[in-house]
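Undergrad: The structure follows.
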Amino acid sequence: MTRTSTWQQILDPSHRADPYPLYTELRKTPVVRVEDGTYVVSTYREIVSLLHDPRLSSDARNLPEVGADVAAQYEEGLPGLPPNFIRTDPPEHDRIRRLMTRNFGPPHRPGRIDGMMSDLLGIVTRLIDDFTGEDGSGTVRVDIVDDFAYPFPVTVICELLGVPREDEPRFQVMSGAVIETADPSTGGIVERQRRRAKAVADLGQYFAQLLDARHGRRGDDLLSGLLSGDSDEAPTSREGMSHEEILSNAALLLVAGHETTVNLVTNGMLTLLRHPEVLDRLRRGDEPDLAARVVEELLRYEPPVQFLSSGRNTLDDIEIAGTTIPKGSPVALVLASGSRDPGFVTDPDRFDPDREHNEHLGFGGGIHYCFGAPLARPETQIALTQLTHRLENPRLVADPPPYRASPSLRGPRHLLVEIDGVNPA
């Protein structure tokens, strides 16, 4: 009988509800080469070291087999867009990220996120109001995913980007196709990169049509800011983004702007229902910083991004934890395992919003630290605070709930909860 490796078990959907015992097994060998040639890194200090190592590239084209296939696609005339900024290395990464930041936060737009807070609360309030209708009473069953955690960040990212909310059914399919390519169990790296290029090109075509329909009219949304090249700073033409770069990075923002937050909010509500003492504290509302501490602990304890794998590769031989990762090797960084590494975190398998030190890896690290973190944090804090304040006697219908297939972006497919009513906002 062929023995199934720990990594293969992690990729197996049957272990999606609780992969953490497998991460404990994986950490016994901090760096291990798995069946497809990928080097999997699972311990905290080694992951942090590689996140800050310029010899670890995020550009999949540096992998010989991927680079050769990209050239073949160009020869075949297949549609494609340049990689988004999280899939590039300096100096290209730094140039694009700087231009994106000019339209998203400090120092050029310091009030952009803070100015969204009342809108975030308004969206959450309306979604919870709809759980029970106008009277707000009676026992009902709601799906936290379909009725709340999905429509909330989708509405937010649509408004931020200037994308029509009614287009959601159209871009949901394309977004799902992009997400699927991050799952190593769905194919080899070359085949997945091809599928990803096609899915991103489809999203780019959607954004191109959206821009054409505006007929040059630009608003205060993020997409308009990218198109203008940020007139506040009057950048030189060399510093501006090309049309293709705008389409590629707009697709990234649309996908990343809601897929991860859906899972963070859902994982958060599931965890709170499993820890009613924390839910009760959040409901009382007498600890001003508790919501922030709950979200930080969720990012450590039940993060939506379990590992980074798509395209990370070594530009040189890297020796780490007694293992030499040869130049040109694919690398997977298991962030969720690192955040529960007992060599760095005390009592790592306990959900504890009161822990004194919490240097989690929930948003990655280094130059690719999550661009959307300043928005994801308040989104989740507001969502969980309002759910705990307003839902009367929430309880799980099934535990564990059914999970999505993806091992890298992990979260329930549905989270059914029964409630006895909804309190007024």
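The values are calculated or read from the model by the stated rules, or taken from the named source; none is laboratory data. Here the structure is a predicted model, which means the values were calculated and not measured. Every residue, glycine among them, receives a Cβ derived from its backbone with ideal geometry; neighbour counts consider all protein chains shown. What goes into the accessible areas is simple: the full protein's heavy atoms, side chains included, and nothing from ligands, DNA or RNA. Shrake-Rupley method; radii C 1.70, N 1.55, O 1.52, S 1.80 Å.
Undergrad: Output the number of the condition that Ser408 fails; it satisfies all remaining conditions of (1) more than 19 Å from Phe104 (Cβ to Cβ); (2) open to solvent by 60 Å² or more (accessible area, probe 1.4 Å).
TA: All conditions are met except number (2).
Undergrad: Being assigned to a helix (DSSP H, G or I), farther than 12 Å from Thr385 by Cα and open to solvent by less than 30 Å² (accessible area, probe 1.4 Å), is that true of even one residue in the range 283-293?
TA: Scanning the range 283-293, I find no residue that is assigned to a helix (DSSP H, G or I), farther than 12 Å from Thr385 by Cα and open to solvent by less than 30 Å² (accessible area, probe 1.4 Å), so the answer is no.
Undergrad: List every residue pair whose Cβ atoms lie under 7 Å apart, where the two residues are 6 or more positions apart in sequence or sit on different chains, the first residue falls within the range 360-378 and is without any contact (Cβ under 8 Å) to a residue 60 or more places away in the chain and assigned to a helix (DSSP H, G or I), and the second residue, located anywhere, is open to solvent by 10 Å² or more (accessible area, probe 1.4 Å) and hydrophobic (A, V, I, L, M, F, W, C).
TA: Ala373/Phe363
Undergrad: Return the residues of the range 21-37 that are open to solvent by less than 30 Å² (accessible area, probe 1.4 Å) and either at positive phi or outside any helix (DSSP H, G or I) (or both); say none if nothing qualifies.
TA: Val31, Val34, Gly37
Undergrad: Continuing with this model, one more query. Only one residue in Val163, Val145, Val154, Val173 is over 30 Å from Ser5 (Cβ atoms) and outside any helix (DSSP H, G or I), so which one is that?
TA: Matching residue, one of Val163, Val145, Val154, Val173: Val163.
Undergrad: For the range 214-241, which residues satisfy the criterion of being at pLDDT 60 or above and open to solvent by 90 Å² or more (accessible area, probe 1.4 Å)?
TA: Within the range 214-241, His215, Arg217, Arg218, Asp220 qualify.
Undergrad: Given the conditions (1) open to solvent by less than 50 Å² (accessible area, probe 1.4 Å); (2) in contact (Cβ under 8 Å) with a residue 40 or more places away in the chain; (3) part of a helix (DSSP H, G or I), report the number of the one that Asp53 does not fulfil.
TA: (3)
Undergrad: Any residue at all in the range 59-71 that's open to solvent by 10 Å² or more (accessible area, probe 1.4 Å), assigned to a loop (DSSP other than H, G, I, E, B) and free of Cβ contacts under 8 Å to residues at least 12 places away in the same chain?
TA: Checked against the condition, which is being open to solvent by 10 Å² or more (accessible area, probe 1.4 Å), assigned to a loop (DSSP other than H, G, I, E, B) and free of Cβ contacts under 8 Å to residues at least 12 places away in the same chain, the range 59-71 yields no hits at all.
Undergrad: Would you pick out the residues in the range 242-258 that are open to solvent by 20 Å² or more (accessible area, probe 1.4 Å), at pLDDT below 90 and not small (Gly, Ala, Ser)?
TA: Answer for the range 242-258, where residues must be open to solvent by 20 Å² or more (accessible area, probe 1.4 Å), at pLDDT below 90 and not small (Gly, Ala, Ser): just His243.
Undergrad: Looking only at residues in the range 1-13 that are in a loop (DSSP other than H, G, I, E, B) and without any contact (Cβ under 8 Å) to a residue 40 or more places away in the chain, which one is farthest from Leu361 (Cα to Cα)?
TA: Top of the filtered list is Met1.
Undergrad: In the range 339-351, is there at least one residue being surrounded by fewer than 17 Cβ atoms within 10 Å (Cβ to Cβ), without any contact (Cβ under 8 Å) to a residue 60 or more places away in the chain and not in a loop (DSSP other than H, G, I, E, B)?
TA: So far as the range 339-351 goes, no, none of its residues is surrounded by fewer than 17 Cβ atoms within 10 Å (Cβ to Cβ), without any contact (Cβ under 8 Å) to a residue 60 or more places away in the chain and not in a loop (DSSP other than H, G, I, E, B).
Undergrad: Can I ask one more? Go through (1) open to solvent by 60 Å² or more (accessible area, probe 1.4 Å); (2) under 21 Å from Leu375 (Cα atoms); (3) at pLDDT 90 or above for Ile144 and report which single condition fails.
TA: Every listed condition holds for Ile144 apart from (1).
Undergrad: Which members of the range 14-53 meet the condition of being over 22 Å from Gly365 (Cα atoms) and either of a type in the set (A, V, I, L, M) or touching a strand residue (DSSP E or B) at 6+ places or on another chain (Cβ under 7 Å) (or both)?
TA: Listed by number, the residues that qualify are Arg16, Ala17, Leu22, Arg33, Val34, Gly37.
Undergrad: Another question, if that's okay. Just the residues that are on the phi > 0 side of the Ramachandran plot and either exposed (fewer than 14 other Cβ atoms within 10 Å of the Cβ) or modelled with pLDDT of 70 or more (or both), please, taken from the range 123-137.
TA: Gly133
Undergrad: So in the range 78-107, with the set limited to residues that are open to solvent by 60 Å² or more (accessible area, probe 1.4 Å) and in a loop (DSSP other than H, G, I, E, B), which one is modelled with the lowest pLDDT?
TA: That would be Leu78.
Undergrad: Within the range 307-330, track down each residue that is under 19 Å from the mean Cα position of the chain (by Cα) and surrounded by fewer than 23 Cβ atoms within 10 Å (Cβ to Cβ).
TA: Ser309, Ser310
A quick yes/no check of all residues on (1) more than 29 Å from Thr88 (Cα to Cα); (2) out of contact with any Leu (no Cβ under 9 Å at 6 or more places or on another chain); (3) of a type in the set (Lys, Arg); (4) modelled with pLDDT of 95 or more:
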| residue | (1), (2), (3), (4) |
| --- | --- |
| Thr314 | no, no, no, yes |
| Asp317 | no, yes, no, yes |
| Ile320 | no, no, no, yes |
| Pro326 | no, yes, no, yes |
| Leu335 | no, no, no, yes |
| Gly338 | no, no, no, yes |
| Phe351 | yes, no, no, yes |
| His357 | yes, yes, no, no |
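Undergrad: Those residues that are open to solvent by 40 Å² or more (accessible area, probe 1.4 Å) and either more than 24 Å from the chain's Cα centre (by Cα) or hydrophobic (A, V, I, L, M, F, W, C) (or both), I need them from the range 190-213; list them, please.
TA: If the condition is that a residue be open to solvent by 40 Å² or more (accessible area, probe 1.4 Å) and either more than 24 Å from the chain's Cα centre (by Cα) or hydrophobic (A, V, I, L, M, F, W, C) (or both), then Val190, Gln209, Asp212, Ala213 are the ones that fit.
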